[in-house]
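The values are calculated or read from the model by the stated rules, or taken from the named source; none is laboratory data. Predicted, not measured: the structure shown is a model, and the values here were computed from it. Virtual Cβ from ideal backbone geometry, glycine too; neighbours counted across all protein chains shown.
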Amino acid sequence: MPGPLQGVRVLDLTTVLMGPYATQILADYGADVIKVEPPEGDGTRGIGPMRSPGMGAIFLNANRGKRSIALDLKNPEARKALLELASASDVLVYNTRPQAMARLGLSYEEVRAVNPGIVYVGLFGFGRGGPYADKPAYDDLIQGAAGLPALSLLSGSPVPRYVPTTIADRTVGLSAVGAILAALFHRQRTGEGQSIDVPMFETMTQFVMGDHLAGRSFVPPEGPTGYARLLAHERRPYATADGYICALIYSDKQWKNFCALIGQAGMFTDDARLKNLTTRTRNIDALYRFVGETMATRSTAEWMDVLEKADIPCMPMHTPDSILDDPHLRAVGFFREIDHPSEGRLVSMAVPSSWSQTQPAPTRPAPRLGEHTVEVLTEAGLGEDRIRALLPAFKPEIPAP
């Protein structure tokens, strides 16, 4: 099946992870994503492990489905070629600061002059109106600025910790996908293109404070910030007799069933802490500690069996290795082996959503640097002489006539 974005062309000027993750999703949805790289390539090409230079694992897992062209955009002729590509594109995405785009002569005004209907999307650190606007931004910095490491302190960690995944890059990338799709829908109805900024700091502040604005949601405040259940020190996978289990005892019914399961049915009615959600939240650390002590008395398999029978939500705790063998993911075909033309056999992840009519799917593996330069520039109408003039820095051969 063709993907839902078949016929949409995306000019992808992003590097590292936030932007490439967003544009990979668009590529999975069927868009023709043209990845514009500097002659030295996207920096993530060098993050190992890898089999071939410039084809590191992080790059392979954020750039499938794209065509790569290599252009030195500081070269006026390369900039001119890019504007010709932009004139026939639906979306342009970048993740440098807007000032850098302006210095390259690729501001929204300059791109709009060749394509008034383009959706021009910037992913960068901070909104333009504040004092942080000129600051550089990376996932760690934005995690810290949005308060994520502080939450680990508030939940009892002896030191603040970053979330050990690129949660800011990927969350902002997902937000950008939504913004791009909404802008394309608006353009379909009105014919209007537009410029969109997706700042990391503001996006992640909304992400974090949706849970933790709490009592400060009210004016005057009705209490402090922080959602007590999420900040409970004892909120963590429970150690069992032989491993760990993730279980959430939350509703009245679940607590009643758990008390009966452990032979303390009267506890649900007699313990004032269990009266309702409000009292449980107020005493959540002590209750989680009680559950944790109880969980240590049986094996993970035993708990999985009895908790599921008691209709209490539970899951085993995976590691990055064990999840590769998860029976559910195996049944739905989530991890798949593919053949890459230069990298050999690889593990690829499926598009996680299921569609009845236009099922998205990866259309091609992650590209080698500049692999499609000649192909894309020829499609844009550049003649052989102009293409040859742009090639020395990145070496792809023009095929013989």
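Of note:
- Counted residues, region 313-354 - those being of a type in the set (Asp, Glu), surrounded by 10 or more Cβ atoms within 10 Å (Cβ to Cβ) and closer than 29 Å to Tyr238 by Cα: 2
- Filter result for Gly292 (part of a loop (DSSP other than H, G, I, E, B) and not assigned by TED's automatic domain parsing to the domain that holds Arg64): no
- Condition met for Glu84 (over 19 Å from the mean Cα position of the chain (by Cα) and in contact (Cβ under 8 Å) with a residue 40 or more places away in the chain): yes
- Per the listing Ile118, Ile142, the residue uniquely farther than 28 Å from Thr165 by Cβ and among the β-branched types (Val, Ile, Thr) is Ile118.
- When residues of region 153-200 are limited to those that are of a type in the set (Ser, Thr, Tyr), modelled with pLDDT of 95 or more and not in a strand (DSSP E or B), the one farthest from Gly7 (Cα to Cα): Tyr162
- Criterion: acidic (Asp, Glu), modelled with pLDDT of 95 or more and closer than 30 Å to Met50 by Cα - qualifying residue of Asp311, Asp305, Asp321, Asp271: Asp321
- Among the candidates Gly156, Gly193, Gly144, the residue that is in contact with a strand residue (DSSP E or B) (Cβ under 8 Å, 6 or more places away or on another chain), in the same structural domain as Ala31 (by TED's automatic domain parsing) and not acidic (Asp, Glu) is uniquely Gly193.
- Residue in region 88-98 that is farther than 22 Å from Pro367 by Cα, in the same structural domain as Ser175 (by TED's automatic domain parsing) and surrounded by fewer than 15 Cβ atoms within 10 Å (Cβ to Cβ) present: no
- Contact annotation: residue pairs with Cβ atoms under 8 Å, 6 or more positions apart or on different chains, pairing a residue in region 261-278 that is charged (D, E, K, R) with a partner that is surrounded by 11 or more Cβ atoms within 10 Å (Cβ to Cβ), are Arg273/Thr279; Arg273/Arg280; Arg273/Arg282; Arg273/Asn283; Arg273/Ala286; Arg273/Leu287.
- Filter result for the condition that a residue is on the phi > 0 side of the Ramachandran plot and either surrounded by fewer than 17 Cβ atoms within 10 Å (Cβ to Cβ) or of a type in the set (Ser, Thr, Tyr) (or both), over Gly178, Gly215, Gly191, Gly210: Gly191
- Residues of region 19-38 that turn out to be in contact with a helix residue (DSSP H, G or I) (Cβ under 6 Å, 6 or more places away or on another chain) and either without any contact (Cβ under 8 Å) to a residue 40 or more places away in the chain or within 22 Å of Asp139 (Cα to Cα) (or both), as a count: 4
- Any hit, region 367-382, residues being modelled with pLDDT under 95, aliphatic (A, V, I, L, M), more than 33 Å from the chain's Cα centre (by Cα) and surrounded by 14 or more Cβ atoms within 10 Å (Cβ to Cβ): yes
- Of all residues in region 231-245, exactly one satisfies the criterion of being among the hydrophobic types (A, V, I, L, M, F, W, C) and exposed (fewer than 14 other Cβ atoms within 10 Å of the Cβ), namely Ala241.
- Residue match in region 102-112 (condition: touching a Leu at 6+ places or on another chain (Cβ under 6 Å) and surrounded by fewer than 20 Cβ atoms within 10 Å (Cβ to Cβ)): yes
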